[in-house]
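Have a look at the structure below, then the notes.
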Amino acid sequence: FKDLGLLVVDEEHRFGVRHKERIKKMRSEVDVLTLSATPIPRTLHMAISGIRDLSVIETPPAERKSIETIIARFDDDIIKQAIEREISRGGQVFFVHNRVFNIDSMAQYVRQLVPGARVGVAHGQMLRNDLNRVMSRFIDRDINVLVCSAIIGSGLDIPNANTIIVNRADRFGMADLYQLRGRVGRSKLKGYALLLIPALARITEDARKRLAAIKEYGSLGAGFQMALKDMEIRGVGEILGSAQWGSVTAIGFELYQEMLRDAVMRLKGKPVRKEKEPEIRLDIDAYIPDSYCPDQHLRLGLYKRLSIAESEDVDVIEEELRDMYGPIPGPMVNLLGIARIRVMMKQLGIRKLESLNKSLRLWVDDDTIVDREKLVRVILDRRGKIDPCGIIEIGCDDKDVLLDEILDILSTLA
């Protein structure tokens with residue numbers, strides 16, 4: 001290219017780091033726009049960390065319906081029912097069998113299982129003319145069940161094909177499953193995805209997580225959320241290396257995130273301010289009752305989310321809890337209040353808070369952003385005191401309004 005200024009990479013998850021970097025080397029100042037329904041962990045993490053800009057398109061085409069995803073053991077009756085249901089409404093079926101050496105045997109199995117089906121075979125090792133002939137017949141509806149490899153994973157838009165069956169779904173990556181599922185439901189009709197796992201053999205834990213995620217994120221435009229889950233399962237990859245997933249285990253993900261965030265801030269010429277985790281000691285009950293959220297894993301997940309949440313995140317978590325479990329009990333209300341207090345203390349530079357003998361004590365850092373005039377006003381209005389070490393003591397007799405009192409004080413100081 002004589003004057004290359006913009007590089008657009010569609011289906012970015014299909015390219016390796018070396019491929020993309022080689023193109024960029026043609027011109028060092030080239031702008032790059034990457035497009036992907038399911039970005040690879042490395043790319044996604046670079047965007048979240050601020051190294052790349054990120055835009056998310058969540059609006060689906062008009063009248064498009066979400067695809068119902070079903071995970072099942074390989075079973076003749078289930079497969080037959082899925083194929084016959086689609087054929088009965090005049091539709092077509094993709095049957096993905098990603099093993100070319102015995103794909104013809106699988107096609108014969110489908111013919112015997114559903115004698116009324118018109119079965120065709122398509123895979124990447126066929127001669128071009130033969131492949132074109134089969135696909136043309138499928139598009140013309142001469143074939144209503146296409147037994148194929150993962151070659152159909154992108155670029156196909158056949159509105160009449162609204163059921164896809166994926167054999168050995170446990171062997172596919174999350175992005176591959178998402179792309180395959182996206183081949184159906186491309187019209188006003190509802191699409192169905194049947195993901196088959198072995199009838200007897202066990203699948204790996206990672207495969208189980210991938211399948212659970214693809215089922216959970218079934219709504220339209222959920223590719224971004226699913227990519228986040230993929231990053232959680234596989235790791236974030238190497239920013240300066242060529243690995244697109246994994247790594248980071250040597251130092252731990254949270255420390256890695258912190259180091260990366262600081263490096264990005266320095267490169268952008270912004271000051272790096274080390275956040276200190278505040279210490280909070282309050283004599284109140286603050287926990288998630290077992291009777292409110294019975295699932296132990298969900299409780300642990302909520303504790304983790306609240307420990308790192310920002311102010312808006314706490315509001316989102318509270319709304320989710322009301323939707324899932326109903327009215328929030330007292331100890332959980334206290335836990336949400338403490339999460340909000342922790343966020344405000346970090347923002348203000350208050351390193352410690354405790355309640356002791358009907359009083360509140362706050363330890364203020366030397367580099368606090370609290371305005372001194374506001375601080376003096378709070379102390380005077382509440383008949384408090386401050387010692388030379390920066391410890392503020394304020395009276396608080398009523399334990400029932402303790403959290404509200406603290407939030408009011410911190411809001412005044414903000």
**OP:** Tally the residues that are within 30 Å of Ala199 (Cβ to Cβ) and small (Gly, Ala, Ser), restricting the search to region 51-98.
**Re:** 5
Subject >> Within region 1-38, considering residues that are hydroxyl-bearing (Ser, Thr, Tyr) and under 16 Å from Gln179 (Cβ atoms), the one modelled with the highest pLDDT >> reply: Thr34
Original post:
Just checking, which of Ala122, Ala82 is surrounded by 21 or more Cβ atoms within 10 Å (Cβ to Cβ), assigned by TED's automatic domain parsing to the domain that holds Asp176, without any contact (Cβ under 8 Å) to a residue 40 or more places away in the chain and closer than 22 Å to Arg186 by Cα?
Top reply: Ala122
Subject >> Yes/no for Asp387 being of a type in the set (Asp, Glu) and more than 22 Å from Ser411 (Cβ to Cβ) >> reply: yes
Original post:
Looking only at residues in region 151-192 that are out of contact with any Phe, Trp or Tyr (no Cβ under 9 Å at 6 or more places or on another chain) and polar (S, T, N, Q), which one is nearest to Glu86 (Cα to Cα)?
Top reply: Asn160
**OP:** Determine which member of the set Ser105, Ser88, Ser136 is of a type outside the set (D, E, K, R) and over 25 Å from Arg186 (Cα atoms).
**Re:** Ser105
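The values are calculated or read from the model by the stated rules, or taken from the named source; none is laboratory data. The structure presented is a predicted model; accordingly, all values stated were derived computationally and were not measured. As a convention, Cβ positions derive from the backbone with ideal geometry for all residues, glycine included, and neighbour counts pool all protein chains shown.
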